[in-house]
Amino acid sequence: MFKNFLTVAYRNLLRNKGFSAINITGLAIGMASAILIFLWIQNEVSYDQFHEKKDRIYEAWNQAKIDTKLWSWNTTPKILARTVEHEFPEVERAVRVNHGNNFLLSVGDKRITKEGNIVDTGFLQMFSFPLLKGNAATALNDMHSIVITEATAKSVFGNDDPMGKVIRIENRDNFTVTGVMKELPRNSRFNFEYLLPWSYLKYRGWDDSTWNNNSVTTYVLLKANASLASVAPKIKVLKQKYDEEAKHDKWEMFFYPMARWRLYSSFTNGHEDNGGQITLVKLFGIIAVFILLIACINFMNLSTARSEKRAKEVGIRKVVGAQKISLISQFIGESILIAFLAAILAVILVEISLPAYNQLTQKKLFIDFTNGYTWLAGIGFVLFTGILAGSYPAFFLSSFQPVKVLKGTFKKAHALVTPRKILVVLQFSFAIILIICTIIVKQQINYAQQRQSGYNKDNLIYHFMTGDIPKNYELIKQEMLSGGIALSMARTSQPITQQWSDGWGQEWEGKDPNDRTDFKRFTEDEGLGVTAGLQFVQGRDFDLKKFPTDSTGMIINESSLKVMKFKNPIGKIVKDMGIDWHIVGVIKDFILSSPYEPTDPMLVSGAKAEDDGFRTIMIKLNGRNGTADNLKKMEVIFKKYNPEYPFDYKFVDEEYARKFENEKLQGTLAALFSGLTIFISCLGLFGLATYMAENRTKEIGVRKVLGASNTGIAALMSKDFVKLVIISFLIAAPISYWGMYKWLSDYTYRVDIKWWVFGIACFLSVAIAIVTVSYQAIKAAMANPVKSLRSE
């Protein structure tokens, strides 16, 4: 029986090569699209799920009311880890991570800059980052020990065994390699090239025991028999116990489980708001399901469009005793065979497209053919697709009555509403939704990109204060300006594209005692205004030569002026960080962090705030020279005064452009899968056009005999499809409006949804439908009526 099924299915595939090719291609494209999306989703949901103790690992978060809102963030005081270990018997271990240490590593003549973390000794025992060499329990016990990744070992030691060898950090301290770590998985929040022990942070004087400095990430491992419910009430009030200000402000803390880090860690007023990565995961999961469903619908339409060609086969089988269940099994078996062939083609398409797809998503996705679960999932995927695609055709074909079929009186109904029309409407509804969403996402990206940043990004670069740059800064500046390489330079606490510091509790004349405004902090020495093109609405920039007291000067932005409500702000005193700052200027707001959010109140403090040194140099290059020439001369100067460190600059316009990467990814993926959905939907329309042309052959012949023109007949047939597309648009428009309204609500600075977006989507969908069906419509209209009516 099974052999007979395969034989019949194989013969049908060969007999209808064009039909089979379209069916297999449509299913393959749909399956390939779904596989690519599911690979991305699998990567997202698996973040940090490889840790053996994942069910017991938590991250400490702060929660406090600022600016009338309840804010949540995951940086904590350094003292928290030892406190919870000492006071909470439920806690087995707590470790701190100091992120983003971009140190110079030197071995002999090799000099490379790598980013690493400073961590507590128990870090490698809490998290499952396997060591290729070394002991995880003792690797970070010594203050001058270092654990490096396999790639870092290769970079500095080549093929030599790195264990026991010495690496010099920042040209000042020697560290012995005590461990070599396997490369970190890409689906992890952690991204470091080496680990240094926390004792080194103490040695450098960077540790503190204050409860007001939230500067590190704290991870907590609960004991196997402990529950979050038992420890939650105690961590909630812990900060209030040690900090009087926190008690007054009802400052709380909580532990956040590892399972929710990647997908859910977005909060509004103290509650998860579904604004994290889970929203994107759900969205693309829905897209994957619908693309696969549309591919299956396409299969159904094409199968039923060819129904008359198999009607006699069904009739004869029933006459000789075939049961309906047998026929259903036959047709579903054929669809599973087609799904299997489509799956082979889909895997080939996935393997071909994965390099470009990985580049787009910035991941390393792959199909693991060595994993048994991959094969089980693949078999299940093929069976599901085959059964789903073949279910309607199987029941439709098996329902033919043999008497009518064999007498030649079998007719297909001309019902106003048929399952086939419903399926096409469903296809195009989803395609139109994707068209509308793609247009609006693109509009939102363009809207934010066109927003004035508040500074001039042209020829503006920055370089971090590494090595000997701080002590040689004046010499570097002199040579850069005198050589015509730069027009101006300024030292700052951070790049102008990043927000590193904020705080509240400042004092000024007339302040409301209940005011809890959070100010973004920025620091410069002098000349940032002309270097970055900041716009002063009152006062001036810092000038330490003319005004030495500018070291305690302050520049505020317009948002800060609104908060402070000064009529004449110049000369007013603002108390912050234990210093009385006097306002010397007011600047227009500029975007420091997200271009999708309103600018925040900002305080730009003078050089007094940076007694331990500035972190960044902002440089305005001379635009009259070629950029490459400027950078070449600049590198010579930096190498002269900072020979041990690489010349590592960043263009501000490129850094600013990275702020749009996530939205661009969403827009690109939406456009990509929208195009694929439209293509598959067009195959479905083609199937329906084929079906209707076959069904109306004699009608068209009669119309032509009575004088109907080819144009009139083609228009008559196309009209039916246009109606279906318009119905699809009427369904899709409100759904897409609601979805985009919800998506845009996550952005304070957002575009309005315009009516013409829906007009464009309607026009495009109708045009696509007309182009798709025109071939069959024209072919039917030009057919010889004599041949059409011969059987009459």
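The values are calculated or read from the model by the stated rules, or taken from the named source; none is laboratory data. In this text the structure is predicted, and so the values were computed from the model without any measurement. When we count neighbours, we look across all protein chains shown, and the Cβ atoms used for this are built from the backbone with ideal geometry, even at glycine. Remember, those area values only see protein heavy atoms, side chains included, never the ligands or the DNA or RNA. Shrake-Rupley method; radii C 1.70, N 1.55, O 1.52, S 1.80 Å.
Taking the condition of being open to solvent by 60 Å² or more (accessible area, probe 1.4 Å) and over 16 Å from Phe590 (Cα atoms), how many residues in the stretch 552-571 meet it? Number satisfying all stated conditions: 4. Any chance you could count how many residues in the stretch 526-542 are surrounded by fewer than 19 Cβ atoms within 10 Å (Cβ to Cβ) and in a loop (DSSP other than H, G, I, E, B)? Of the residues in that region, 3 qualify.
Just so you know, in the stretch 739-759 the residues that are surrounded by 11 or more Cβ atoms within 10 Å (Cβ to Cβ) and of a type in the set (Val, Ile, Thr) include one that is nearest to Phe729 (Cα to Cα), and it is Val757. In this entry, Ala715 passes the filter for residues that are open to solvent by 40 Å² or more (accessible area, probe 1.4 Å) and modelled with pLDDT of 70 or more. One residue stands out in the stretch 551-587 among those that are of a type in the set (D, E, K, R) and within 41 Å of the chain's Cα centre (by Cα): the one that is farthest from Lys511 (Cα to Cα), namely Glu558.
In the stretch 601-618, of all residues being open to solvent by 40 Å² or more (accessible area, probe 1.4 Å) and more than 36 Å from the chain's Cα centre (by Cα), the one that is modelled with the lowest pLDDT corresponds to Asp611. Being under 30 Å from Leu528 (Cα atoms), modelled with pLDDT of 85 or more and not hydroxyl-bearing (Ser, Thr, Tyr) holds for only one residue in Ile461, Ile433, Ile445, and it is Ile461. Quick check on my filter: what residues within the stretch 581-600 are open to solvent by 20 Å² or more (accessible area, probe 1.4 Å) and either within 17 Å of Thr497 (Cα to Cα) or at pLDDT below 85 (or both)? Those that are open to solvent by 20 Å² or more (accessible area, probe 1.4 Å) and either within 17 Å of Thr497 (Cα to Cα) or at pLDDT below 85 (or both): Lys588, Asp589, Ser593, Ser594, Glu597, Pro598, Thr599, Asp600. For the structure I just gave you, tell me whether Val563 is of a type outside the set (Phe, Trp, Tyr) and in contact with a Pro (Cβ under 6 Å, 6 or more places away or on another chain). Against the criterion (of a type outside the set (Phe, Trp, Tyr) and in contact with a Pro (Cβ under 6 Å, 6 or more places away or on another chain)), Val563 qualifies. Return the total of residues in the stretch 479-492 being small (Gly, Ala, Ser) and open to solvent by 10 Å² or more (accessible area, probe 1.4 Å). Number satisfying all stated conditions: 4. A single member of Gly484, Gly510, Gly505 is in a loop (DSSP other than H, G, I, E, B) and within 18 Å of Glu558 (Cα to Cα), and it is Gly510. Restricting attention to the stretch 448-478, the residues that are part of a helix (DSSP H, G or I) and crowded, with 18+ Cβ neighbours inside 10 Å add up to 5. Quick test of your reading of the structure: Tyr10 fulfils all but one of (1) crowded, with 17+ Cβ neighbours inside 10 Å; (2) at pLDDT below 70; (3) more than 16 Å from Leu683 (Cβ to Cβ); (4) aromatic (Phe, Trp, Tyr). Name the failing condition by number. Condition not satisfied by Tyr10: (1). Scanning the stretch 627-660 for residues that are more than 28 Å from Ser453 (Cα to Cα), in a helix (DSSP H, G or I) and of a type outside the set (A, V, I, L, M) turns up Lys632, Lys633, Glu635, Phe638, Lys639, Lys640, Tyr641.
Scanning the stretch 450-486 for residues that are touching a residue at least 24 places away in the same chain (Cβ under 8 Å) and in contact with a Ser or Thr (Cβ under 8 Å, 6 or more places away or on another chain) yields Gly454, Asn459, Leu460, Tyr462, His463, Phe464, Met465, Thr466. Among the residues here, Ser335 does not qualify as at pLDDT below 70, surrounded by 16 or more Cβ atoms within 10 Å (Cβ to Cβ) and under 21 Å from Ile22 (Cβ atoms). Among the residues making up the stretch 54-71, those that are more than 11 Å from Leu221 (Cα to Cα) and open to solvent by 30 Å² or more (accessible area, probe 1.4 Å) are Lys65, Asp67, Thr68, Lys69, Leu70, Trp71.
When each of Val107, Val84 is tested for being aliphatic (A, V, I, L, M) and over 30 Å from Gln494 (Cα atoms), the lone residue that passes is Val84.
Going by the structure shown, is Gly122 of a type outside the set (Phe, Trp, Tyr) and open to solvent by less than 50 Å² (accessible area, probe 1.4 Å)? The answer is yes for Gly122. Going residue by residue through the stretch 268-284, is there one that turns out to be surrounded by 19 or more Cβ atoms within 10 Å (Cβ to Cβ) and not in a helix (DSSP H, G or I)? No. The helices (runs of 4 or more DSSP H) falling completely within the stretch 160-249 that include 2 or more residues that are open to solvent by less than 50 Å² (accessible area, probe 1.4 Å) and within 21 Å of Val97 (Cα to Cα) map to 198-203, 238-242.
Residues of the stretch 107-144 that are without any contact (Cβ under 8 Å) to a residue 24 or more places away in the chain and among the acidic types (Asp, Glu): Asp109 alone. If you filter the stretch 24-69 down to residues that are among the β-branched types (Val, Ile, Thr) and part of a strand (DSSP E or B), you find that the one that is modelled with the lowest pLDDT is Ile66. For the stretch 75-111, the set of residues classified as among the β-branched types (Val, Ile, Thr) and open to solvent by less than 40 Å² (accessible area, probe 1.4 Å) consists of Thr76, Thr83, Val84, Val91, Val95, Val97, Val107, listed by residue number. Test Asp515 against the criterion of being among the acidic types (Asp, Glu) and open to solvent by 30 Å² or more (accessible area, probe 1.4 Å), and give yes or no. Yes, satisfied. Would you say Leu293 is within 14 Å of Ser391 (Cα to Cα) and at pLDDT below 75? Considered against the rule, which asks whether it is within 14 Å of Ser391 (Cα to Cα) and at pLDDT below 75, Leu293 comes out as no. Filtering Gly380, Gly386 for residues that are buried (at least 23 other Cβ atoms within 10 Å of the Cβ), over 30 Å from Ile753 (Cα atoms) and modelled with pLDDT of 70 or more leaves a single hit, Gly386.
I'd like the full set of residues that are acidic (Asp, Glu) and either under 30 Å from the mean Cα position of the chain (by Cα) or within 24 Å of Glu59 (Cα to Cα) (or both), limited to the stretch 118-159. Correct list: Asp120, Glu150.
The condition (being surrounded by 12 or more Cβ atoms within 10 Å (Cβ to Cβ), assigned to a helix (DSSP H, G or I) and modelled with pLDDT of 75 or more) is satisfied by just one residue among Ala777, Ala769: Ala769.
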